[in-house]
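The values are calculated or read from the model by the stated rules, or taken from the named source; none is laboratory data. These figures come from a predicted structure and were not determined experimentally. Because the Cβ atoms are built from the backbone with ideal geometry, glycine has one as well, and the counts that use them run over all protein chains shown.
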Amino acid sequence: MKRYWRSLRCFWGTSLAAELEYPLNAAIEFVSVLGNLAGSLFVLQLLFAGGPSLGGWSWSGALVVLGLYTLLDGFTTCVLQPNLSRIVSHVQTGTLDYVLLKPIDSQFWLSARTVSPWGLPAVAAGLGLIGWALAQGGPEAAAGLRSLGAVLLPLALLLAALAILYSLWFVLAALSIWFVKVWNATEVLRYTLVAGRYPVSAYPPALRLLFTFVLPVAFLTTVPAEALLGRGSALWAIGSLLVAALCLAGSRLLWRFAQRSYTSASS
Amino acid sequence: MSWAWRVARALLGSQYALMLEYRAEIALWALSGVLPLIMLGVWSGSGAGVAAGLTPQQISHYFLAAFVVRQFTVVWLIHVFEEDALQGRLSPLLLQPLAPLWRYLAAHFSEQATRVPFVLLMLVVVGLAAPGVLWWPSPAELLLGLLAIQAAFLLRFVLQVIVTTLCFWSERAAALDRLLLIPYLFLSGLVAPLDTFPPAVRRLALATPFPWMVDFPARLLAGEPVNVALGFGAIAAWCLLLWPISRVLWRAGLRRYSAMGA
(Lines give C-alpha, C1' and ligand atoms only; values in the text may rest on other atoms or scores of the structure.)
Protein backbone atom coordinates (compact mmCIF):
# COMPACT_ATOMS: atom_id res chain seq x y z
CA MET A 1 0.00 0.00 0.00
CA LYS A 2 2.81 2.38 0.95
CA ARG A 3 4.54 1.58 -2.31
CA TYR A 4 1.44 2.63 -4.20
CA TRP A 5 1.32 5.98 -2.39
CA ARG A 6 4.97 6.59 -3.12
CA SER A 7 4.54 5.70 -6.80
CA LEU A 8 1.48 7.90 -7.07
CA ARG A 9 3.37 10.89 -5.62
CA CYS A 10 6.17 10.28 -8.10
CA PHE A 11 3.81 9.85 -11.08
CA TRP A 12 1.79 12.97 -10.38
CA GLY A 13 4.77 15.12 -9.45
CA THR A 14 6.52 14.42 -12.75
CA SER A 15 3.41 14.80 -14.88
CA LEU A 16 2.49 18.09 -13.21
CA ALA A 17 5.99 19.38 -13.89
CA ALA A 18 5.63 18.34 -17.55
CA GLU A 19 2.21 19.93 -17.98
CA LEU A 20 3.29 23.21 -16.42
CA GLU A 21 5.69 23.60 -19.35
CA TYR A 22 2.65 24.84 -21.29
CA PRO A 23 1.41 27.86 -19.31
CA LEU A 24 -0.74 29.06 -22.20
CA ASN A 25 -2.90 25.98 -21.70
CA ALA A 26 -3.93 27.28 -18.28
CA ALA A 27 -5.34 30.44 -19.84
CA ILE A 28 -7.11 28.52 -22.60
CA GLU A 29 -8.59 26.06 -20.11
CA PHE A 30 -9.78 28.86 -17.85
CA VAL A 31 -11.52 30.71 -20.69
CA SER A 32 -12.99 27.47 -22.00
CA VAL A 33 -14.49 26.55 -18.60
CA LEU A 34 -15.99 30.01 -18.16
CA GLY A 35 -17.38 30.01 -21.71
CA ASN A 36 -18.89 26.56 -21.35
CA LEU A 37 -20.45 27.46 -18.03
CA ALA A 38 -21.94 30.69 -19.39
CA GLY A 39 -23.32 28.82 -22.41
CA SER A 40 -24.81 26.04 -20.28
CA LEU A 41 -26.46 28.57 -17.95
CA PHE A 42 -27.85 30.41 -20.99
CA VAL A 43 -29.39 27.25 -22.44
CA LEU A 44 -30.75 26.23 -19.02
CA GLN A 45 -32.39 29.63 -18.74
CA LEU A 46 -33.94 29.18 -22.19
CA LEU A 47 -35.33 25.83 -21.07
CA PHE A 48 -36.86 27.45 -18.00
CA ALA A 49 -38.60 30.10 -20.12
CA GLY A 50 -41.57 27.76 -20.55
CA GLY A 51 -42.35 27.37 -16.86
CA PRO A 52 -40.92 27.32 -13.35
CA SER A 53 -39.68 23.74 -13.55
CA LEU A 54 -37.80 21.34 -15.82
CA GLY A 55 -38.97 17.76 -15.36
CA GLY A 56 -40.15 18.66 -11.85
CA TRP A 57 -36.85 20.32 -10.91
CA SER A 58 -36.65 23.91 -9.73
CA TRP A 59 -34.07 26.35 -11.12
CA SER A 60 -31.70 25.92 -8.18
CA GLY A 61 -32.09 22.14 -8.31
CA ALA A 62 -31.19 22.10 -12.00
CA LEU A 63 -28.17 24.29 -11.16
CA VAL A 64 -26.97 21.68 -8.66
CA VAL A 65 -27.19 19.05 -11.42
CA LEU A 66 -25.23 21.29 -13.79
CA GLY A 67 -22.64 21.92 -11.05
CA LEU A 68 -22.19 18.19 -10.49
CA TYR A 69 -21.82 17.67 -14.24
CA THR A 70 -19.12 20.37 -14.40
CA LEU A 71 -17.36 18.79 -11.42
CA LEU A 72 -17.34 15.35 -13.04
CA ASP A 73 -16.19 16.84 -16.32
CA GLY A 74 -13.24 18.40 -14.50
CA PHE A 75 -12.42 15.04 -12.91
CA THR A 76 -12.51 13.49 -16.39
CA THR A 77 -10.05 16.06 -17.73
CA CYS A 78 -7.79 15.68 -14.69
CA VAL A 79 -7.49 11.93 -14.36
CA LEU A 80 -9.53 9.85 -16.81
CA GLN A 81 -8.79 11.47 -20.16
CA PRO A 82 -4.97 11.75 -19.85
CA ASN A 83 -4.57 8.18 -18.57
CA LEU A 84 -7.20 6.01 -20.15
CA SER A 85 -7.06 7.46 -23.65
CA ARG A 86 -3.47 6.20 -23.73
CA ILE A 87 -4.27 2.52 -23.29
CA VAL A 88 -5.11 2.32 -26.99
CA SER A 89 -1.69 3.53 -28.10
CA HIS A 90 -0.03 1.15 -25.62
CA VAL A 91 -1.86 -1.70 -27.29
CA GLN A 92 -1.15 -0.43 -30.79
CA THR A 93 2.59 0.02 -30.33
CA GLY A 94 3.06 -2.93 -27.99
CA THR A 95 4.35 -0.85 -25.07
CA LEU A 96 1.68 -2.49 -22.93
CA ASP A 97 4.25 -5.30 -22.52
CA TYR A 98 6.42 -3.03 -20.39
CA VAL A 99 3.44 -1.98 -18.28
CA LEU A 100 2.48 -5.58 -17.58
CA LEU A 101 6.04 -6.43 -16.56
CA LYS A 102 6.23 -3.70 -13.92
CA PRO A 103 6.09 -4.88 -10.28
CA ILE A 104 2.92 -2.88 -9.69
CA ASP A 105 -0.72 -3.54 -10.48
CA SER A 106 -1.21 -2.81 -14.19
CA GLN A 107 -4.72 -1.39 -13.82
CA PHE A 108 -3.43 1.01 -11.19
CA TRP A 109 -0.53 2.06 -13.40
CA LEU A 110 -2.74 2.60 -16.44
CA SER A 111 -5.35 4.55 -14.46
CA ALA A 112 -3.08 6.76 -12.37
CA ARG A 113 0.12 7.21 -14.35
CA THR A 114 -0.44 10.91 -15.13
CA VAL A 115 -2.57 13.75 -13.92
CA SER A 116 -3.46 16.94 -15.72
CA PRO A 117 -4.08 20.13 -13.75
CA TRP A 118 -6.24 21.52 -16.56
CA GLY A 119 -9.43 20.03 -15.16
CA LEU A 120 -9.09 21.94 -11.89
CA PRO A 121 -10.84 25.12 -13.14
CA ALA A 122 -13.87 22.98 -14.01
CA VAL A 123 -13.79 21.26 -10.60
CA ALA A 124 -13.66 24.64 -8.87
CA ALA A 125 -16.44 26.02 -11.07
CA GLY A 126 -18.60 22.97 -10.38
CA LEU A 127 -18.15 23.26 -6.61
CA GLY A 128 -18.84 26.99 -6.78
CA LEU A 129 -22.00 26.47 -8.80
CA ILE A 130 -23.29 23.83 -6.37
CA GLY A 131 -22.62 26.08 -3.38
CA TRP A 132 -24.21 29.07 -5.07
CA ALA A 133 -27.29 27.10 -6.09
CA LEU A 134 -27.76 25.72 -2.57
CA ALA A 135 -27.39 29.22 -1.08
CA GLN A 136 -29.73 30.70 -3.67
CA GLY A 137 -32.39 28.06 -3.13
CA GLY A 138 -32.84 29.22 0.47
CA PRO A 139 -32.95 27.12 3.64
CA GLU A 140 -35.10 24.34 2.25
CA ALA A 141 -32.79 23.76 -0.72
CA ALA A 142 -29.92 23.02 1.64
CA ALA A 143 -32.13 20.86 3.85
CA GLY A 144 -30.01 17.88 2.94
CA LEU A 145 -26.99 19.29 4.72
CA ARG A 146 -28.30 19.73 8.25
CA SER A 147 -26.91 16.68 10.01
CA LEU A 148 -23.67 14.77 9.70
CA GLY A 149 -25.36 11.76 8.11
CA ALA A 150 -27.00 14.02 5.57
CA VAL A 151 -23.61 15.41 4.58
CA LEU A 152 -22.06 11.96 4.29
CA LEU A 153 -24.79 10.64 2.00
CA PRO A 154 -24.20 13.11 -0.88
CA LEU A 155 -20.46 12.58 -0.48
CA ALA A 156 -20.87 8.80 -0.68
CA LEU A 157 -23.09 9.17 -3.74
CA LEU A 158 -20.58 11.50 -5.36
CA LEU A 159 -17.84 8.93 -4.77
CA ALA A 160 -20.13 6.30 -6.29
CA ALA A 161 -20.61 8.57 -9.31
CA LEU A 162 -16.84 8.95 -9.69
CA ALA A 163 -16.43 5.16 -9.46
CA ILE A 164 -19.11 4.58 -12.12
CA LEU A 165 -17.59 7.18 -14.42
CA TYR A 166 -14.13 5.68 -14.00
CA SER A 167 -15.37 2.16 -14.69
CA LEU A 168 -17.20 3.22 -17.86
CA TRP A 169 -14.07 4.90 -19.18
CA PHE A 170 -11.81 2.04 -18.20
CA VAL A 171 -14.00 -0.64 -19.75
CA LEU A 172 -14.27 1.26 -23.04
CA ALA A 173 -10.53 1.88 -23.13
CA ALA A 174 -9.76 -1.74 -22.25
CA LEU A 175 -11.83 -2.91 -25.21
CA SER A 176 -8.89 -1.82 -27.37
CA ILE A 177 -7.17 -5.08 -26.40
CA TRP A 178 -9.60 -6.82 -28.75
CA PHE A 179 -10.51 -4.04 -31.20
CA VAL A 180 -7.27 -2.14 -31.55
CA LYS A 181 -8.74 0.87 -33.30
CA VAL A 182 -11.20 2.28 -30.78
CA TRP A 183 -9.24 5.33 -29.70
CA ASN A 184 -12.31 7.49 -30.13
CA ALA A 185 -14.71 5.21 -28.22
CA THR A 186 -13.99 7.26 -25.11
CA GLU A 187 -14.92 10.40 -27.08
CA VAL A 188 -18.32 8.87 -27.81
CA LEU A 189 -18.75 8.30 -24.09
CA ARG A 190 -17.80 11.88 -23.34
CA TYR A 191 -20.32 13.28 -25.82
CA THR A 192 -23.14 11.00 -24.64
CA LEU A 193 -22.54 11.85 -20.99
CA VAL A 194 -23.47 15.44 -21.87
CA ALA A 195 -26.98 14.17 -21.13
CA GLY A 196 -26.01 14.41 -17.45
CA ARG A 197 -26.21 18.20 -17.66
CA TYR A 198 -29.95 17.99 -17.06
CA PRO A 199 -31.95 16.05 -14.46
CA VAL A 200 -32.89 12.68 -15.85
CA SER A 201 -36.61 13.32 -15.33
CA ALA A 202 -36.40 16.07 -18.00
CA TYR A 203 -36.16 13.39 -20.69
CA PRO A 204 -38.97 11.37 -22.30
CA PRO A 205 -39.64 8.01 -20.55
CA ALA A 206 -37.75 5.88 -23.10
CA LEU A 207 -34.59 7.96 -22.75
CA ARG A 208 -35.01 7.94 -18.95
CA LEU A 209 -34.82 4.14 -18.97
CA LEU A 210 -31.81 4.27 -21.28
CA PHE A 211 -30.01 6.77 -19.04
CA THR A 212 -30.68 4.71 -15.92
CA PHE A 213 -30.10 1.12 -16.94
CA VAL A 214 -27.96 1.13 -20.08
CA LEU A 215 -25.81 4.24 -19.72
CA PRO A 216 -26.08 5.11 -16.01
CA VAL A 217 -26.14 8.88 -16.46
CA ALA A 218 -28.84 9.17 -13.77
CA PHE A 219 -26.45 7.91 -11.09
CA LEU A 220 -23.77 10.38 -12.13
CA THR A 221 -25.56 13.67 -11.53
CA THR A 222 -29.26 13.30 -10.73
CA VAL A 223 -28.99 10.95 -7.74
CA PRO A 224 -26.21 12.89 -5.92
CA ALA A 225 -28.08 16.13 -6.62
CA GLU A 226 -31.26 14.75 -5.06
CA ALA A 227 -29.30 13.79 -1.95
CA LEU A 228 -27.76 17.26 -1.76
CA LEU A 229 -31.22 18.80 -1.95
CA GLY A 230 -32.44 16.55 0.87
CA ARG A 231 -34.74 14.52 -1.37
CA GLY A 232 -32.58 11.43 -1.61
CA SER A 233 -34.50 8.18 -1.39
CA ALA A 234 -33.02 5.07 0.19
CA LEU A 235 -33.82 3.00 -2.89
CA TRP A 236 -31.88 5.25 -5.26
CA ALA A 237 -28.99 5.62 -2.81
CA ILE A 238 -28.61 1.86 -2.36
CA GLY A 239 -29.03 1.38 -6.09
CA SER A 240 -26.31 3.91 -6.80
CA LEU A 241 -23.82 2.32 -4.40
CA LEU A 242 -24.67 -1.11 -5.79
CA VAL A 243 -24.16 0.03 -9.39
CA ALA A 244 -20.84 1.60 -8.41
CA ALA A 245 -19.64 -1.60 -6.74
CA LEU A 246 -20.77 -3.68 -9.72
CA CYS A 247 -19.08 -1.34 -12.19
CA LEU A 248 -15.77 -1.38 -10.30
CA ALA A 249 -15.83 -5.16 -9.96
CA GLY A 250 -16.79 -5.43 -13.63
CA SER A 251 -13.88 -3.28 -14.75
CA ARG A 252 -11.51 -5.39 -12.63
CA LEU A 253 -12.81 -8.66 -14.02
CA LEU A 254 -12.75 -7.37 -17.57
CA TRP A 255 -9.14 -6.27 -17.17
CA ARG A 256 -8.12 -9.72 -15.86
CA PHE A 257 -9.90 -11.33 -18.77
CA ALA A 258 -8.41 -8.86 -21.27
CA GLN A 259 -4.88 -9.58 -20.07
CA ARG A 260 -5.41 -13.24 -20.90
CA SER A 261 -6.42 -12.28 -24.46
CA TYR A 262 -3.55 -9.85 -24.95
CA THR A 263 -1.10 -11.14 -27.50
CA SER A 264 1.15 -8.09 -27.80
CA ALA A 265 1.74 -6.15 -31.00
CA SER A 266 3.43 -7.84 -33.97
CA SER A 267 2.89 -11.33 -32.60
CA MET B 1 -9.00 21.31 -66.66
CA SER B 2 -8.57 17.63 -67.38
CA TRP B 3 -5.57 17.71 -65.03
CA ALA B 4 -7.74 19.08 -62.22
CA TRP B 5 -10.36 16.43 -62.93
CA ARG B 6 -7.76 13.63 -62.85
CA VAL B 7 -6.25 14.90 -59.60
CA ALA B 8 -9.65 15.29 -57.96
CA ARG B 9 -10.68 11.79 -58.97
CA ALA B 10 -7.43 10.25 -57.74
CA LEU B 11 -7.55 12.15 -54.44
CA LEU B 12 -11.19 11.40 -53.71
CA GLY B 13 -10.86 7.76 -54.75
CA SER B 14 -7.80 7.07 -52.64
CA GLN B 15 -9.10 8.97 -49.62
CA TYR B 16 -12.46 7.20 -49.85
CA ALA B 17 -10.70 3.82 -49.89
CA LEU B 18 -8.69 4.92 -46.86
CA MET B 19 -11.80 6.04 -44.97
CA LEU B 20 -13.62 2.80 -45.77
CA GLU B 21 -10.72 0.95 -44.18
CA TYR B 22 -11.34 2.87 -40.95
CA ARG B 23 -15.14 2.63 -41.11
CA ALA B 24 -15.47 1.35 -37.52
CA GLU B 25 -13.78 4.49 -36.31
CA ILE B 26 -16.04 6.67 -38.45
CA ALA B 27 -19.10 4.85 -37.11
CA LEU B 28 -17.96 5.81 -33.61
CA TRP B 29 -17.45 9.43 -34.68
CA ALA B 30 -20.96 9.44 -36.15
CA LEU B 31 -22.23 8.08 -32.84
CA SER B 32 -20.49 10.89 -30.96
CA GLY B 33 -22.67 13.43 -32.79
CA VAL B 34 -25.77 12.61 -30.76
CA LEU B 35 -25.91 15.99 -28.99
CA PRO B 36 -28.84 17.38 -31.05
CA LEU B 37 -30.81 14.20 -30.31
CA ILE B 38 -30.17 14.56 -26.56
CA MET B 39 -31.24 18.20 -26.78
CA LEU B 40 -34.36 17.09 -28.67
CA GLY B 41 -35.19 14.94 -25.66
CA VAL B 42 -34.79 17.83 -23.23
CA TRP B 43 -36.62 20.37 -25.39
CA SER B 44 -39.58 18.12 -26.10
CA GLY B 45 -39.93 17.50 -22.35
CA SER B 46 -39.93 21.19 -21.41
CA GLY B 47 -42.59 23.75 -22.20
CA ALA B 48 -40.00 26.27 -23.36
CA GLY B 49 -40.39 25.52 -27.07
CA VAL B 50 -44.15 25.99 -26.99
CA ALA B 51 -43.70 29.20 -25.01
CA ALA B 52 -41.48 30.50 -27.83
CA GLY B 53 -44.20 29.73 -30.38
CA LEU B 54 -42.83 26.44 -31.72
CA THR B 55 -45.01 23.35 -32.07
CA PRO B 56 -43.63 20.01 -30.79
CA GLN B 57 -43.43 18.86 -34.41
CA GLN B 58 -41.39 21.91 -35.41
CA ILE B 59 -38.99 21.23 -32.54
CA SER B 60 -38.47 17.59 -33.43
CA HIS B 61 -37.99 18.44 -37.13
CA TYR B 62 -35.54 21.18 -36.26
CA PHE B 63 -33.33 19.05 -34.01
CA LEU B 64 -33.35 16.04 -36.34
CA ALA B 65 -32.32 18.33 -39.20
CA ALA B 66 -29.65 19.88 -36.96
CA PHE B 67 -28.41 16.35 -36.24
CA VAL B 68 -27.99 15.65 -39.96
CA VAL B 69 -26.35 19.05 -40.55
CA ARG B 70 -23.91 18.47 -37.70
CA GLN B 71 -22.99 15.02 -39.03
CA PHE B 72 -21.98 16.40 -42.42
CA THR B 73 -20.26 19.60 -41.34
CA VAL B 74 -17.69 18.08 -39.00
CA VAL B 75 -14.22 19.52 -39.57
CA TRP B 76 -11.23 17.79 -37.96
CA LEU B 77 -8.50 19.37 -40.08
CA ILE B 78 -6.59 20.87 -37.16
CA HIS B 79 -6.10 17.59 -35.30
CA VAL B 80 -4.68 15.82 -38.34
CA PHE B 81 -2.64 18.80 -39.43
CA GLU B 82 -1.10 19.35 -35.98
CA GLU B 83 0.14 15.78 -35.96
CA ASP B 84 1.39 15.98 -39.55
CA ALA B 85 3.29 19.20 -38.86
CA LEU B 86 4.81 17.89 -35.60
CA GLN B 87 5.91 14.57 -37.10
CA GLY B 88 7.28 16.14 -40.28
CA ARG B 89 4.80 14.38 -42.54
CA LEU B 90 3.88 17.76 -43.97
CA SER B 91 7.25 18.11 -45.69
CA PRO B 92 6.71 15.56 -48.49
CA LEU B 93 3.23 16.97 -49.06
CA LEU B 94 4.71 20.42 -49.58
CA LEU B 95 7.03 19.08 -52.28
CA GLN B 96 4.12 17.89 -54.40
CA PRO B 97 2.77 20.18 -57.13
CA LEU B 98 -0.52 20.46 -55.26
CA ALA B 99 -1.37 22.61 -52.23
CA PRO B 100 -1.64 20.24 -49.22
CA LEU B 101 -4.99 21.72 -48.21
CA TRP B 102 -6.66 20.07 -51.24
CA ARG B 103 -5.65 16.67 -49.89
CA TYR B 104 -7.22 17.45 -46.51
CA LEU B 105 -10.35 18.79 -48.21
CA ALA B 106 -10.68 15.57 -50.22
CA ALA B 107 -10.25 13.58 -47.00
CA HIS B 108 -13.14 15.50 -45.43
CA PHE B 109 -15.42 14.89 -48.42
CA SER B 110 -14.55 11.19 -48.38
CA GLU B 111 -15.26 10.98 -44.68
CA GLN B 112 -18.68 12.52 -45.28
CA ALA B 113 -19.43 9.89 -47.92
CA THR B 114 -18.36 7.13 -45.51
CA ARG B 115 -20.69 8.53 -42.85
CA VAL B 116 -23.84 8.32 -45.01
CA PRO B 117 -24.84 4.72 -44.15
CA PHE B 118 -24.20 5.20 -40.43
CA VAL B 119 -26.27 8.39 -40.29
CA LEU B 120 -29.09 6.67 -42.17
CA LEU B 121 -28.91 3.79 -39.71
CA MET B 122 -29.13 6.14 -36.74
CA LEU B 123 -32.12 7.91 -38.32
CA VAL B 124 -33.83 4.55 -38.81
CA VAL B 125 -33.24 3.73 -35.12
CA VAL B 126 -34.72 7.11 -34.16
CA GLY B 127 -37.68 6.45 -36.45
CA LEU B 128 -38.28 3.04 -34.85
CA ALA B 129 -37.95 4.41 -31.30
CA ALA B 130 -40.31 7.31 -31.96
CA PRO B 131 -42.63 6.44 -34.87
CA GLY B 132 -43.87 9.39 -36.89
CA VAL B 133 -41.00 11.64 -35.95
CA LEU B 134 -39.26 11.31 -39.33
CA TRP B 135 -40.50 13.19 -42.36
CA TRP B 136 -39.56 13.55 -46.00
CA PRO B 137 -38.63 17.09 -47.13
CA SER B 138 -39.87 18.25 -50.55
CA PRO B 139 -37.34 17.81 -53.39
CA ALA B 140 -36.61 21.55 -53.50
CA GLU B 141 -36.05 21.70 -49.74
CA LEU B 142 -33.86 18.63 -49.86
CA LEU B 143 -31.73 19.97 -52.71
CA LEU B 144 -31.35 23.43 -51.15
CA GLY B 145 -30.71 21.85 -47.75
CA LEU B 146 -27.92 19.64 -49.07
CA LEU B 147 -26.39 22.62 -50.86
CA ALA B 148 -26.61 24.65 -47.66
CA ILE B 149 -24.92 21.83 -45.71
CA GLN B 150 -22.01 21.83 -48.14
CA ALA B 151 -21.80 25.63 -48.02
CA ALA B 152 -21.82 25.53 -44.22
CA PHE B 153 -19.14 22.85 -44.31
CA LEU B 154 -16.92 25.04 -46.52
CA LEU B 155 -17.37 27.99 -44.17
CA ARG B 156 -16.38 25.83 -41.18
CA PHE B 157 -13.42 24.48 -43.14
CA VAL B 158 -12.13 27.97 -44.01
CA LEU B 159 -12.58 29.12 -40.42
CA GLN B 160 -10.63 26.14 -39.16
CA VAL B 161 -7.85 26.68 -41.71
CA ILE B 162 -7.21 30.01 -39.98
CA VAL B 163 -6.81 28.33 -36.58
CA THR B 164 -4.83 25.50 -38.17
CA THR B 165 -2.18 27.86 -39.53
CA LEU B 166 -1.34 28.66 -35.90
CA CYS B 167 0.17 25.15 -35.79
CA PHE B 168 3.18 26.74 -37.48
CA TRP B 169 3.73 28.89 -34.39
CA SER B 170 2.54 26.68 -31.54
CA GLU B 171 2.90 22.97 -30.80
CA ARG B 172 -0.53 22.77 -29.23
CA ALA B 173 -2.72 24.81 -31.54
CA ALA B 174 -5.47 22.19 -31.39
CA ALA B 175 -6.25 23.46 -27.88
CA LEU B 176 -7.28 26.76 -29.48
CA ASP B 177 -9.88 24.96 -31.52
CA ARG B 178 -11.65 24.08 -28.26
CA LEU B 179 -12.17 27.79 -27.67
CA LEU B 180 -13.72 28.22 -31.10
CA LEU B 181 -16.01 25.30 -30.34
CA ILE B 182 -17.75 27.17 -27.51
CA PRO B 183 -19.43 29.93 -29.54
CA TYR B 184 -20.13 27.34 -32.23
CA LEU B 185 -21.89 25.13 -29.70
CA PHE B 186 -24.08 27.77 -28.12
CA LEU B 187 -24.68 30.34 -30.88
CA SER B 188 -25.11 28.07 -33.90
CA GLY B 189 -28.49 26.69 -32.87
CA LEU B 190 -27.08 23.23 -32.14
CA VAL B 191 -28.39 23.09 -28.55
CA ALA B 192 -31.31 25.54 -28.79
CA PRO B 193 -33.29 26.91 -31.76
CA LEU B 194 -32.45 30.55 -32.45
CA ASP B 195 -36.16 31.38 -32.22
CA THR B 196 -36.05 30.79 -28.47
CA PHE B 197 -33.17 33.25 -27.91
CA PRO B 198 -33.92 36.66 -26.39
CA PRO B 199 -33.95 39.24 -29.25
CA ALA B 200 -30.68 40.91 -28.22
CA VAL B 201 -28.74 37.62 -28.02
CA ARG B 202 -30.31 36.58 -31.31
CA ARG B 203 -29.09 39.71 -33.07
CA LEU B 204 -25.63 39.15 -31.59
CA ALA B 205 -25.61 35.54 -32.78
CA LEU B 206 -26.69 36.49 -36.30
CA ALA B 207 -23.78 38.91 -36.51
CA THR B 208 -21.36 35.98 -36.11
CA PRO B 209 -20.71 33.26 -38.70
CA PHE B 210 -22.02 30.52 -36.40
CA PRO B 211 -25.83 30.49 -37.00
CA TRP B 212 -25.23 30.02 -40.73
CA MET B 213 -23.39 26.77 -39.95
CA VAL B 214 -26.29 24.93 -38.30
CA ASP B 215 -29.42 27.02 -37.92
CA PHE B 216 -29.74 28.03 -41.60
CA PRO B 217 -29.32 24.58 -43.21
CA ALA B 218 -31.34 22.90 -40.46
CA ARG B 219 -34.28 25.25 -40.94
CA LEU B 220 -34.13 24.72 -44.69
CA LEU B 221 -34.28 20.94 -44.24
CA ALA B 222 -36.99 21.19 -41.58
CA GLY B 223 -39.20 23.18 -43.97
CA GLU B 224 -39.26 26.34 -41.85
CA PRO B 225 -39.70 29.69 -43.62
CA VAL B 226 -36.19 30.93 -44.31
CA ASN B 227 -34.58 33.58 -46.48
CA VAL B 228 -32.58 31.39 -48.85
CA ALA B 229 -30.76 34.19 -50.67
CA LEU B 230 -29.75 35.87 -47.41
CA GLY B 231 -28.44 32.58 -46.00
CA PHE B 232 -26.28 31.66 -48.98
CA GLY B 233 -25.22 35.30 -49.30
CA ALA B 234 -24.09 35.41 -45.66
CA ILE B 235 -22.11 32.19 -46.01
CA ALA B 236 -20.45 33.47 -49.20
CA ALA B 237 -19.67 36.81 -47.57
CA TRP B 238 -18.05 35.16 -44.53
CA CYS B 239 -16.05 32.86 -46.80
CA LEU B 240 -14.86 35.81 -48.87
CA LEU B 241 -13.86 37.62 -45.70
CA LEU B 242 -12.05 34.70 -44.05
CA TRP B 243 -10.36 33.14 -47.10
CA PRO B 244 -7.81 35.96 -47.72
CA ILE B 245 -6.94 35.96 -44.00
CA SER B 246 -6.26 32.24 -44.12
CA ARG B 247 -4.09 32.65 -47.24
CA VAL B 248 -1.97 35.37 -45.63
CA LEU B 249 -1.53 33.34 -42.43
CA TRP B 250 -0.74 30.19 -44.40
CA ARG B 251 2.02 31.93 -46.40
CA ALA B 252 3.49 33.53 -43.27
CA GLY B 253 3.36 30.22 -41.44
CA LEU B 254 4.95 28.28 -44.26
CA ARG B 255 7.94 30.61 -44.15
CA ARG B 256 8.34 29.73 -40.46
CA TYR B 257 7.92 26.00 -40.98
CA SER B 258 11.19 24.31 -40.17
CA ALA B 259 10.26 20.78 -41.24
CA MET B 260 10.46 18.98 -37.94
CA GLY B 261 11.90 15.52 -38.24
CA ALA B 262 13.70 16.31 -41.48
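Per-structure values
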quantity	calculated
Test for B:Ala17: is it hydrophobic (A, V, I, L, M, F, W, C), farther than 14 Å from B:Leu190 by Cβ and within 13 Å of another protein chain (Cβ to nearest Cβ)	no
Residue that is nearest to B:Thr196 (Cα to Cα), among those in region A:35-57 that are surrounded by fewer than 17 Cβ atoms within 10 Å (Cβ to Cβ) and more than 7 Å from chain B (Cβ to nearest Cβ)	A:Gln45
Residues satisfying the stated conditions in region B:186-225, i.e. over 25 Å from B:Glu141 (Cα atoms), within 14 Å of another protein chain (Cβ to nearest Cβ) and either in a helix (DSSP H, G or I) or under 13 Å from the mean Cα position of the chain (by Cα) (or both)	B:Phe186, B:Pro199, B:Ala200, B:Val201, B:Leu204
Tally, over region A:1-27, of residues that are assigned to a helix (DSSP H, G or I), within 13 Å of another protein chain (Cβ to nearest Cβ) and under 17 Å from A:Pro82 (Cα atoms)	4
A:Leu110 vs. criteria of a type outside the set (Lys, Arg), surrounded by fewer than 17 Cβ atoms within 10 Å (Cβ to Cβ) and out of contact with any Ser or Thr (no Cβ under 7 Å at 6 or more places or on another chain)	no
Wholly enclosed helices (runs of 4 or more DSSP H) of region A:50-126 bearing at least 1 residues under 25 Å from A:Gly35 (Cα atoms)	A:59-75, A:81-84
Selection status of B:Thr196, among the hydroxyl-bearing types (Ser, Thr, Tyr) and free of Cβ contacts under 8 Å to residues at least 40 places away in the same chain	no
Any hit, region B:39-61, residues being in a helix (DSSP H, G or I), of a type in the set (Gly, Ala, Ser) and away from chain A (no Cβ under 14 Å)	no
Some residue of region A:217-232 being without any contact (Cβ under 8 Å) to a residue 60 or more places away in the chain and within 14 Å of chain B (Cβ to nearest Cβ)	yes
Selected residue (criterion: farthest from A:Ser60 (Cα to Cα)) from residues of region A:202-234 that are hydrophobic (A, V, I, L, M, F, W, C) and not in a helix (DSSP H, G or I)	A:Leu215
Single residue of region B:75-92 satisfying the filter (touching a residue at least 40 places away in the same chain (Cβ under 8 Å) and in contact with a helix residue (DSSP H, G or I) (Cβ under 7 Å, 6 or more places away or on another chain)) that is surrounded by the fewest Cβ atoms within 10 Å (Cβ to Cβ)	B:His79
B:Ala207 being in contact (Cβ under 8 Å) with a residue 60 or more places away in the chain and of a type outside the set (D, E, K, R)	no
Members of region A:143-161 that are surrounded by 15 or more Cβ atoms within 10 Å (Cβ to Cβ), modelled with pLDDT under 70 and out of contact with any Asp or Glu (no Cβ under 9 Å at 6 or more places or on another chain)	A:Ala143, A:Leu145
Filtered residue count, region A:48-58, keeping only those that are in contact (Cβ under 8 Å) with a residue 60 or more places away in the chain and within 18 Å of B:Trp43 (Cβ to Cβ)	4
Pair list, Cβ under 9 Å, 6 or more apart: region A:111-133 residue among the basic types (Lys, Arg), other residue crowded, with 16+ Cβ neighbours inside 10 Å and assigned to a loop (DSSP other than H, G, I, E, B)	A:Arg113/A:Arg86
Candidates B:Pro97, B:Pro36 - the one that is surrounded by fewer than 22 Cβ atoms within 10 Å (Cβ to Cβ) and either more than 21 Å from the chain's Cα centre (by Cα) or more than 10 Å from chain A (Cβ to nearest Cβ) (or both)	B:Pro97
